[in-house]
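What follows is calculated from the coordinates using simple rules that are stated; it is not laboratory data. Not measured: the values here are computed from a predicted model. As a convention, Cβ positions derive from the backbone with ideal geometry for all residues, glycine included, and neighbour counts pool all protein chains shown.
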Amino acid sequence: MTAQLIYDIVPLGSTLIYSDGSPRPPERFVKKLAAWENLNSGGRLIRKQAEARVGNTTIPASITLHEGDYGSQGTIVLRVHRTFSVNSELKFVVKERPAIGSVLVLDRAGEDAELVHLAANRAAAEEWLTHHSYPNAVLQEITADTVAADIVEGRAAA
């Protein structure tokens, strides 16, 4: 599926895999393997940003994936996010959608809100917020309607 389709119908909190379609090179080709891994990975969908105009320039809509956290002893030192334009040539696959009843903790209200945590339920989300500093956080429960929205205009999110 395309990045545009991900932007249009896949809910925040979904786990995605993206690929350029090329085969994985053998382990012995370290540089080729690193380049391949740069275009073939995955993460959790945390943000959908609408198209923006800056002067005469139009910045296309985009999606952002959280690919991972790096650190030690419970301290996150580096958080890796990757943003893709809806015009990206990469192919995306939805690996997992958030479960019905789970709760998205968004950093703020509105269209440009970013997912900061995916909790199993509302109580877990509220507990998580007591330990993390997000004063404008918004809780959004995943409902059956959210999951059912994967089918739009006769297209199914695979």
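For the stretch 1-49, which chymotrypsin sites (Phe, Trp or Tyr not before Pro) are in a loop by DSSP, counting at most 10 other Cβ atoms within 10 Å?
Taking the stretch 1-49 and a limit of 10 other Cβ atoms within 10 Å, no loop chymotrypsin sites (Phe, Trp or Tyr not before Pro) are found.
Would you work out the relative contact order for the chain, in percent, from Cα pairs under 8 angstrom that are 6 or more residues apart?
27
Among Thr58, Thr15, Thr75, which one shows the highest mean-square fluctuation when the chain is modelled as a Gaussian network with alpha-carbon springs under 10 Å?
Thr75
Among the lysines, which fall within straight-line cross-link reach of Lys95, defined as a Cα-Cα distance under 22 Å, with same-chain neighbours fewer than 8 residues apart omitted?
Partners within reach: Lys48.
With the chain treated as a Gaussian network of Cα nodes joined by springs under 10 Å, which of Gly43, Gly74, Gly13 yields the largest mean-square fluctuation?
Result for the chain, Cα springs under 10 Å: Gly74 fluctuates most.
Under 18 Å from the 7 Å Cα→Cβ point of Ala124, by amide nitrogen: which residues of the stretch 2-30?
Output list for this probe position: 12-16.
What longest range of the chain stays clear of loop-exposed trypsin sites (Lys or Arg not before Pro) (DSSP non-H/G/I/E/B, at most 16 other C-beta within 10 angstrom)?
Longest gap between qualifying sites, sites excluded: 29-107.
Which whole-number percentage describes the relative contact order of the stretch 11-69, with Cα contacts under 8 Å and a sequence gap of 6 or more?
Numbers: 80 pairs, mean separation 19.6, N = 59.
Once normalised by length, the contact order is 33 percent.
Mind checking which aspartates and glutamates have their Cα closer than 16 Å to the Cα of Lys32? Skip sequence neighbours fewer than 8 apart in that chain.
Straight-line reach from Lys32, under 16 Å: Asp20.
Can you work out ³J(HN,Hα) from phi for every residue in the stretch 100-109, in order, using Karplus 6.51 cos²θ - 1.76 cosθ + 1.60 and θ = phi - 60°, giving whole Hz and x for Gly and Pro?
Taking θ as phi minus 60°, the curve returns 4, x, 6, 10, 8, 9, 9, 5, 6, 7 Hz for the stretch 100-109.
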